[in-house]
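Down below is the structure, laid out as C-alpha cells.
Nothing in this text is a laboratory measurement; each read-out follows from the coordinates by a stated rule. Everything quoted here is computed from the prediction, not taken from an experiment. Cβ atoms come from the backbone with ideal geometry, glycine included; neighbour counts cover every protein chain shown.
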C-alpha cells in the first residue's frame, strides 16, 4: 500500500511500512493501519478503538490517521517512568492516571470532570521494560463517539 501512495503522490516520501506518513511539520497526512507504537508522538491521532477494547494486551501496531478527520483518540502526552525493575500494572496506573488527566486539563484548559473527554494510556509491558521502554503514551478520547479535529 505504501508504494501505491508514493506513486499516486508523484514524489511522496519513502517511509518504512511501520512508520506514520508525515508532512514536513511532522503532522500525519495519510492513514497507516500498522504503525509501530514506538513511532507515535504527542499530537498523533489514532483509530485505536479495537486496541483500546483489548486493554491489558500487548500492542504490536496501532492505526494512525490524520487528526483533521474522524479518529478514536489523540496522543496528548508522553510520560517517562523511572526505575530498573518492572513496577507492575498497578504502579504504572498510579503514575499514569494522574499524569494523563493533568495533560488533558492543560490541553483543553478545563478541569477533567468538566470535559466530555476521557483518558487512557499505552504503557510498557514487562518485556518492553526489560528492553529499556519507559514511555507511557496518554490518549484522550470522547466516549460519545469519534473526534473530528485535533484537541489541541
What length, rounded to one decimal in nm, is gained on full extension from residue 38 through to residue 59, with 0.36 nm per residue of separation minus their alpha-carbon distance?
-> 6.5 nm
Arrange the following residues from fewest to most other Cβ atoms within 10 Å of their Cβ: 47, 36, 23.
-> 23, 36, 47
Under the Kirkwood approximation for Rh and a Cα-based Rg, what ratio Rg/Rh is obtained for region 20-144?
-> 0.95
Give me the distance in nm between label points sitting 7 Å out from Cα along the Cα-to-Cβ direction at residue 126 and residue 114, one decimal.
-> 4.3 nm
Quarter of the surface of the C-alpha convex hull for region 112-152, i.e. direction-averaged projected area in nm², equals 4.1 nm²
How many nm separate the modelled label positions at residue 105 and residue 134, each set 7 Å beyond the Cα in the direction of the Cβ?
-> 2.5 nm
